[in-house]
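Asks: To start, I am sharing the structure in question, which I have written as structure tokens.
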Amino acid sequence: MEQTPKQDTDNDNDTATLPEVADNRDKDAAPKAASTPREGEIELAADEPPAQEPLPLRVNRTRTGIHAKATPSPEADLADPALYFNRELSNLQFNIRVLEQAKDTSHPLLNRLMFLLIFTSNMDEFFEIRVAGLKHQIAFDRTDPGCDGMLPSKVLDEVSRITHEQVERQYRMLNEDLIPALEEQHIRFRRRNQWNNAQKAWVRDYFEEEIQPVISPIGLDPSHPFPRLVNKSLNFIVELEGKDAFGREGGLAILPAPRSLPRLIRIPDGLVEPGYTEYVFLSSMIHAHAQELFPGMKIKGCYQFRLTRNADLSVDAEDVSDLASALRGELLARRYGDGVRLEVADNCPEALYTFLLKQFDLETRDLYQVKGPVNLNRLMEVIGDVGREDLLYAPFTPGIPKALKGDNSLFDAIRREDILLHHPFQSFSPVENLLAEAARDPNVLAIKQTLYRTGADSNIVSSLVEAARQGKEITVVIELRARFDEADNLQLASRLQEAGAIVIYGVMAYKTHAKMLHIVRRENGELRHYAHLGTGNYHAKTARLYTDYSLLTANETLCEDVHKVFQQLTGMGKQRDIEKLLHAPFTLHERMVEMIDREARNAEKGKRAHIIVKCNSLTEPKLIRALYRASRAGVQCDLIIRGVCCLRPGVPGISDNIRVRSVIGRFLEHTRTFHFHNAGQPETWCSSADYMERNMFHRVETCFPLLDKKLAQRIRKDLDTYLVDNCQSWRLESDGHYTQLDAGDAEPISVQETLLFAYAAKA
């Protein structure tokens, strides 16, 4: 996956160049209309010369064109369920691709462990939200199939089958591959039967001093019913024999592991071999000394388990007068939703796990017996604690565009030209610095911003607080319902309100998912507007982990559009007349369908036509049908869909001209970018929205055009690099499975490494 740079390049905002790959194709030969293009290659219509000299691309010379039109019967039903993949099963396929990274030795060892743990985290959320939703549909007899035609009960059966297979693979990878590989690097996880005498004494002291004072065993009898256990908490079911001090016969007890204690404890250096780092699990300590918690009783068995609950929040717009108060109540309820999954140790007897299933009203298909800790997420602590940078990705410094170097004021640079940042390859600090400068600048009169996932202690929020205290007009639209960030958002809302900012919670029935910043500044006696628009969140940490675009602009029309969207969010009134931006839930979906259909019309006229869509998920049926129509007309459709994709490529007569790939690598692919050839007048858009129903119809989203042609061309070059990646890409097959692309004898091209070389700061 690593690439060796061939030449040094400057970090220019507009013209960053990446190493080219030799192109040995015959550029004068006319492609055959009915031939199938090679991966990373797009055909050019034989009878149509290029409208202009093609731009040099980073890693290839890809030119757009039309393909052979499909010849299906006119009655082809594009709503046929056979043309759609199930959303939940596609989601599982994405998680499987993440898990596959754990066995990919091109990743450093600790990063392989990280991918295995991310799989655990992803599956936790999948059960908390998606599986919980399926169970809810079945419970309330809402069994209408989706566009794929599958009933919820059938989907749940398939989810169970696939997940059991993958969880078994996950623990096999951990036990047979990763733990031995870590031990070779002198990183060990000590089991109870491996402790020496000194370690046993240390464990006993730790148990007596740290665990025993805070643990509360719960015996089960008529006066001690089964306890209400917190979502995803570590617990033990204990089988007892004998009589206690009150004469009660032994039976079963529950041991909830104290949530205040770490699940993984590092053994002091003096108790391990020199040069080794060793850990012991909290569960092992509790197992070893469980007898001391039940004096005079005989422990026949002690087995760990973890219950996953429904964690989706439900707030009824008609019954809520104060969204913040309602969410605080729902956050408490989230910890105790209905059970959806039970994980137990693989040596737990059938009688005990059957008892637990009954307690949580679960079926056998909801049971997962695992060979190892039931809470693998806690292993993530090792990655930061062990101090082995040699087992992690090489660090890098995000680049700063040349356009931002040399100016004392960011306002001067942005006023001169639009500036495009590609995170994490380029730094997020210009966005933070712009807000910090605006907070201090006496000429700045007002700041408006949306916040979705940010964190209450971020530099962004600190600048907004400072600006409010300086007496500026600060308006912040906070989406309280950002899943699993609700508590943080409630906290930052309170912090901003205390500073004097106006805090709005958006529109009750629509999540505010747009990423916008608007600044009003007095310059030479007139008001000047500045804006930031992005595909990601205002979160500095994720800006180092997620790929996203940021646009800093002083374009009058774009800034006015942003201003109007804010007015619509904070006030009331009819839909605003917005000139350049596309705006969900009003214009975004309709215009996307129109632009796809426009490519189809151009192809039918024999014109060059090409669509590139890069986003996280593709599920919305009308957009999928529009892409099918484009494919039938001969439009080459290249879709870079990281996660869920319900479109089925490669169906004869329907989607012959559609290729779908997913890129999984060091960084989480998060950019939402849409490119349309438009008969030689290309349009390139970036968006906060995916091609999903919720984004198009149930959220406030923005989609912004790249009006500067140099910036639009730069994004097109980025997209072309994605289309020739042969290290991190997976191709979606027509049967729903993904095949990882292999460079074979060709030069390996890793898109993320290539972009790092192009944009990150050079040492």
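The values are calculated or read from the model by the stated rules, or taken from the named source; none is laboratory data. None of the values given here were measured: they were computed from a predicted structure. All Cβ positions, even for glycine, are placed from backbone atoms using ideal geometry, and neighbour counts span all protein chains on display. Surface areas here come from the heavy atoms of the whole protein model, side chains and all, with no ligands, DNA or RNA. Shrake-Rupley method; radii C 1.70, N 1.55, O 1.52, S 1.80 Å.
Asks: Quick one: in the stretch 149-207, of everything that is of a type in the set (S, T, N, Q) and under 22 Å from Asp346 (Cα atoms), which residue is surrounded by the fewest Cβ atoms within 10 Å (Cβ to Cβ)?
Replies: Restricting to residues being of a type in the set (S, T, N, Q) and under 22 Å from Asp346 (Cα atoms), the top hit is Asn193.
Asks: Condition first: open to solvent by less than 30 Å² (accessible area, probe 1.4 Å), over 23 Å from Glu88 (Cβ atoms) and not small (Gly, Ala, Ser). Now tell me which residues in the stretch 721-752 satisfy that.
Replies: Thr721, Tyr722, Leu723, Val724, Asp725, Asn726, Cys727, Gln728, Leu741, Ile749, Val751, Gln752
Asks: So if I check each of Thr702, Thr671, which one is assigned to a loop (DSSP other than H, G, I, E, B), buried (at least 23 other Cβ atoms within 10 Å of the Cβ) and not aromatic (Phe, Trp, Tyr)?
Replies: That would be Thr671, the only listed residue that is assigned to a loop (DSSP other than H, G, I, E, B), buried (at least 23 other Cβ atoms within 10 Å of the Cβ) and not aromatic (Phe, Trp, Tyr).
Asks: Looking at this structure, is Lys710 farther than 16 Å from Ile641 by Cα and in a helix (DSSP H, G or I)?
Replies: Spelling it out, Lys710 is indeed farther than 16 Å from Ile641 by Cα and in a helix (DSSP H, G or I).
Asks: If Ile641 satisfies every condition in (1) closer than 23 Å to Tyr510 by Cβ; (2) surrounded by 21 or more Cβ atoms within 10 Å (Cβ to Cβ) but one, which is the exception?
Replies: The failed condition is (1).
Asks: State whether the residues of the stretch 630-638 include one that is part of a helix (DSSP H, G or I), of a type outside the set (A, V, I, L, M) and buried (at least 24 other Cβ atoms within 10 Å of the Cβ).
Replies: Yes, the stretch 630-638 contains at least one residue that is part of a helix (DSSP H, G or I), of a type outside the set (A, V, I, L, M) and buried (at least 24 other Cβ atoms within 10 Å of the Cβ).
Asks: Name the residues in the stretch 532-568 that are of a type outside the set (D, E, K, R) and either assigned to a loop (DSSP other than H, G, I, E, B) or open to solvent by 50 Å² or more (accessible area, probe 1.4 Å) (or both), would you?
Replies: Of everything in the stretch 532-568, those that are of a type outside the set (D, E, K, R) and either assigned to a loop (DSSP other than H, G, I, E, B) or open to solvent by 50 Å² or more (accessible area, probe 1.4 Å) (or both) turn out to be Thr535, Gly536, Asn537, Tyr538, His539, Ala540, Leu545, Tyr546, Ala554, Asn555, Gln567.
Asks: Quick one: would you say Arg263 is open to solvent by 70 Å² or more (accessible area, probe 1.4 Å) and either under 25 Å from Phe127 (Cβ atoms) or touching a Phe, Trp or Tyr at 6+ places or on another chain (Cβ under 9 Å) (or both)?
Replies: Answer is no for this residue.
Asks: May I pose another question? Restricting attention to strands (runs of 3 or more DSSP E) lying wholly within the stretch 158-276, give those where 3 or more residues are under 25 Å from Lys300 (Cα atoms).
Replies: 234-241, 252-256
Asks: Run down Leu464, Leu527, Leu517, Leu533 and say which single residue is farther than 30 Å from Ala311 by Cα and in contact with a Cys (Cβ under 8 Å, 6 or more places away or on another chain).
Replies: On inspection, the qualifying residue turns out to be Leu533.
Asks: If you don't mind, there's one more thing I want to ask. Being among the basic types (Lys, Arg), farther than 19 Å from Leu376 by Cα, out of contact with any Gly (no Cβ under 6 Å at 6 or more places or on another chain) and at pLDDT 95 or above: is that true of Arg161 here?
Replies: Spelling it out, Arg161 is indeed among the basic types (Lys, Arg), farther than 19 Å from Leu376 by Cα, out of contact with any Gly (no Cβ under 6 Å at 6 or more places or on another chain) and at pLDDT 95 or above.
Asks: Considering only residues that are assigned to a helix (DSSP H, G or I) and polar (S, T, N, Q), look in the stretch 354-387 and name the one that is most open to solvent (accessible area, probe 1.4 Å).
Replies: So, considering only residues that are assigned to a helix (DSSP H, G or I) and polar (S, T, N, Q), the one most open to solvent (accessible area, probe 1.4 Å) is Thr364.
Asks: Next up: Criterion first (on the phi < 0 side of the Ramachandran plot and either touching a strand residue (DSSP E or B) at 6+ places or on another chain (Cβ under 7 Å) or surrounded by 18 or more Cβ atoms within 10 Å (Cβ to Cβ) (or both)) does Ala509 satisfy it?
Replies: It is false that Ala509 is on the phi < 0 side of the Ramachandran plot and either touching a strand residue (DSSP E or B) at 6+ places or on another chain (Cβ under 7 Å) or surrounded by 18 or more Cβ atoms within 10 Å (Cβ to Cβ) (or both).
Asks: Looking at Arg625, Arg601, Arg591, which one is surrounded by fewer than 23 Cβ atoms within 10 Å (Cβ to Cβ) and within 14 Å of Ala679 (Cα to Cα)?
Replies: Arg601
Asks: Follow-up question, since we're still on this one. Tally up the residues in the stretch 98-119 that are charged (D, E, K, R) and either buried (at least 20 other Cβ atoms within 10 Å of the Cβ) or not in a helix (DSSP H, G or I) (or both), please.
Replies: Residues in the stretch 98-119 being charged (D, E, K, R) and either buried (at least 20 other Cβ atoms within 10 Å of the Cβ) or not in a helix (DSSP H, G or I) (or both): 2 in total.
Asks: Filter the stretch 644-654 for residues that are open to solvent by 10 Å² or more (accessible area, probe 1.4 Å) and not β-branched (Val, Ile, Thr); which is nearest to Arg666 (Cα to Cα)?
Replies: That would be Arg648.
Asks: Please verify whether Ala689 is closer than 22 Å to Phe667 by Cβ and either more than 24 Å from the chain's Cα centre (by Cα) or buried (at least 24 other Cβ atoms within 10 Å of the Cβ) (or both), treating the condition exactly as stated.
Replies: Taking the combined requirement at face value, the residue satisfies it.
Asks: Name the one entry in Ala132, Ala79 that is touching a strand residue (DSSP E or B) at 6+ places or on another chain (Cβ under 9 Å), small (Gly, Ala, Ser), touching a residue at least 12 places away in the same chain (Cβ under 8 Å) and open to solvent by less than 60 Å² (accessible area, probe 1.4 Å).
Replies: It is Ala132.
Asks: Can you name the residue in the stretch 520-531 that is hydrophobic (A, V, I, L, M, F, W, C) and open to solvent by less than 30 Å² (accessible area, probe 1.4 Å) and, of all such residues, is farthest from Leu581 (Cα to Cα)?
Replies: Val520
Asks: If I filter the stretch 390-406 for residues that are under 30 Å from Leu156 (Cα atoms) and touching a residue at least 40 places away in the same chain (Cβ under 8 Å), do I get at least one hit?
Replies: no
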